[in-house]
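**Student:** Sending over a structure as structure tokens; questions will come in a sec.
The values are calculated or read from the model by the stated rules, or taken from the named source; none is laboratory data. Small disclaimer: the values here were computed from a predicted structure and weren't measured. For neighbour counting, all protein chains shown are included, and Cβ atoms are generated from backbone atoms with ideal geometry for every residue, glycine included.
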Amino acid sequence: MFVLRLREHPVPVGTEDPDVLLAWILDSMGLIRRRNYADGVDETRGSIHALMQDHLLAEPLRGWDSQSMIDASGISSTALHHQLVKLRSCGLLATVTEGRWKRHIIRNGSLSAAIELIAAQAQLILKQRLSLLEEVICPSEMRMKIAPLQRGGEDIPFRIVISEQGPVENREALDSLLRDLGFAGDRGKEEDDLALQIFTLLGAAESPLTADSLMDETTESRTRVLGILERLRAALLVERVLFEDRIPHDLFIGLTHQWAQRGERWIRGRGGLGRIGEDVANEIINDLKQEKLTTEQVEKYLNDVDLETKCLLVNTLGGRVPYGYRFTGKNAEAVISRLLSRVDRILERLRMVSNKFDQIT
């Protein structure tokens with residue numbers, strides 16, 4: 001079954017090292033499990049890279065059987081089986097059965113030809129499967145009124161699993177889609193429908209929902225809810241918005257609570273008032289001393305303070321920045337279009353780099 005774990009990484013511009021180009025391709029196709037996203041190409045090379053570079057791509061149409069690859073590469077049969085399963089499922093390898101032997105070749109004889117087939121397959125499968133979202137995401141102009149924090153999810157690297165439809169059994173079609181696209185996590189339990197619940201709640205919402213409201217509706221922990229939201233954000237289906245109008249009240253709550261618990265010295269230091277200017281800090285402290293501080297006064301005092309500093313102040317005072325979560329478009333068509341556009345961009349880069357690899361080698 002076709003399964004492509006697509007990830008976005010910076011293109012290795014300017015290099016003509018085939019090792020670097022191949023490492024980037026394998027990394028972008030999710031064939032290398034990174035310990036750290038910040039790792040460079042050198043840290044991501046492993047057995048699958050050596051298998052492709054030294055054997056499969058060196059003789060792409062030879063028809064490698066398992067034993068010949070074990071003899072040539074020196075890796076164990078278990079490790080080889082694991083790597084071949086990944087290479088076949090993502091579409092790089094084709095397998096021909098001859099008697100009791102299975103022989104493996106690079107599809108259509110070159111890396112660029114295989115990538116071309118993978119790209120066409122991935123685009124069609126994703127477009128077909130995402131059509132289901134039209135039944136789930138209700139159109140709403142209202143939820144798009146607030147500007148998003150980042151256009152394109154720049155704070156989270158893009159990633160998505162593109163998988164053709166597998167057995168559904170007793171599962172809802174939407175639940176099956178969310179699992180296949182990786183939103184339930186790599187180790188999602190069969191009975192766990194948290195991704196389905198969150199997706200359904202966001203789809204029915206007229207305005208952005210906070211993590212707290214999603215926790216209340218699903219009776220799940222903050223860690224689990226934010227984990228699902230992060231995976232949806234990484235695939236450009238969901239984005240964060242900042243409820244800027246709630247910040248003064250959150251700051252008022254934090255200031256009054258910390259004043260009662262820890263006093264002036266802590267608020268000026270670790271509490272963060274030292275970041276906003278002494279004159280403004282003195283006015284806030286004076287109002288706290290006289291028990292005159294209100295949400296309106298906080299908003300007035302911090303009117304000239306930049307938004308990033310206000311958010312940092314909320315955190316240092318022990319609160320949480322008031323984020324809301326919503327789909328990335330006013331309707332399903334807009335959401336799907338944005339996701340497909342990003343996927344097309346990554347696939348085009350894969351075509352470009354694989355063509356360059358074939359020309360060099």
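**Student:** Among the listed residues 344, 306, which satisfies the condition of being of a type in the set (D, E, K, R), over 29 Å from residue 202 (Cβ atoms) and not assigned by TED's automatic domain parsing to the domain that holds residue 10?
**Tutor:** The unique qualifying residue is 306.
**Student:** I've got another one for you. Sort out which residues of the range 225-240 are in contact with a strand residue (DSSP E or B) (Cβ under 6 Å, 6 or more places away or on another chain) and in a helix (DSSP H, G or I), and write them in order of number.
**Tutor:** Hits for the range 225-240 are 229, 232, 234.
**Student:** Restricting the range 165-202 to residues that are assigned to a loop (DSSP other than H, G, I, E, B) and touching a residue at least 60 places away in the same chain (Cβ under 8 Å), which is nearest to residue 1 (Cα to Cα)?
**Tutor:** Restricting to residues being assigned to a loop (DSSP other than H, G, I, E, B) and touching a residue at least 60 places away in the same chain (Cβ under 8 Å), the top hit is 166.
**Student:** Go through the range 55-107 and report how many residues are closer than 26 Å to residue 161 by Cβ and without any contact (Cβ under 8 Å) to a residue 60 or more places away in the chain.
**Tutor:** 21
**Student:** Among the residues that make up the range 339-359, is at least one of them of a type in the set (D, E, K, R), over 25 Å from the mean Cα position of the chain (by Cα), at pLDDT 90 or above and farther than 30 Å from residue 140 by Cβ?
**Tutor:** Yes: one or more hits.
**Student:** Looking at the range 203-224 only, could you name the residues that are among the polar types (S, T, N, Q) and in a loop (DSSP other than H, G, I, E, B)?
**Tutor:** Hits for the range 203-224 are 207, 210, 219, 221.
**Student:** Something else now. Does the range 258-274 contain any residue that is touching a residue at least 60 places away in the same chain (Cβ under 8 Å) and in a helix (DSSP H, G or I)?
**Tutor:** yes
**Student:** Counting only residues that are among the charged types (D, E, K, R) and modelled with pLDDT under 90, which one in the range 150-179 is surrounded by the fewest Cβ atoms within 10 Å (Cβ to Cβ)?
**Tutor:** Top of the filtered list is 169.
**Student:** Can you tell me which residues in the range 122-138 are buried (at least 16 other Cβ atoms within 10 Å of the Cβ) and under 11 Å from residue 162 (Cα atoms)?
**Tutor:** Answer for the range 122-138, where residues must be buried (at least 16 other Cβ atoms within 10 Å of the Cβ) and under 11 Å from residue 162 (Cα atoms): 122, 125, 126, 129, 130.
**Student:** Need at least 2 residues that are at pLDDT 90 or above and under 23 Å from residue 343 (Cα atoms) per element, so show me which helices (runs of 4 or more DSSP H) inside the range 1-110 make the cut, counting only ones lying wholly within it.
**Tutor:** Once the helices (runs of 4 or more DSSP H) in the range 1-110 are filtered for at least 2 residues that are at pLDDT 90 or above and under 23 Å from residue 343 (Cα atoms), what remains is 18-28, 77-89.
**Student:** Now for a different question. Report, ordered by the first and then the second residue, all pairs with beta carbons closer than 9 Å, sequence separation of six or more or different chains, a first member in the range 292-307 that is farther than 14 Å from residue 252 by Cα, and a second member that is assigned to a loop (DSSP other than H, G, I, E, B) and at pLDDT below 95.
**Tutor:** 304/277; 305/276; 305/277
**Student:** If you don't mind, another one. Looking at (1) assigned to a helix (DSSP H, G or I); (2) closer than 26 Å to residue 238 by Cα, can you tell me which one residue 286 breaks?
**Tutor:** Unmet condition: (2).
**Student:** Condition check: modelled with pLDDT under 95, of a type in the set (A, V, I, L, M) and in contact with a strand residue (DSSP E or B) (Cβ under 9 Å, 6 or more places away or on another chain). Does residue 147 satisfy that?
**Tutor:** Judged against the criteria, residue 147 is a match.
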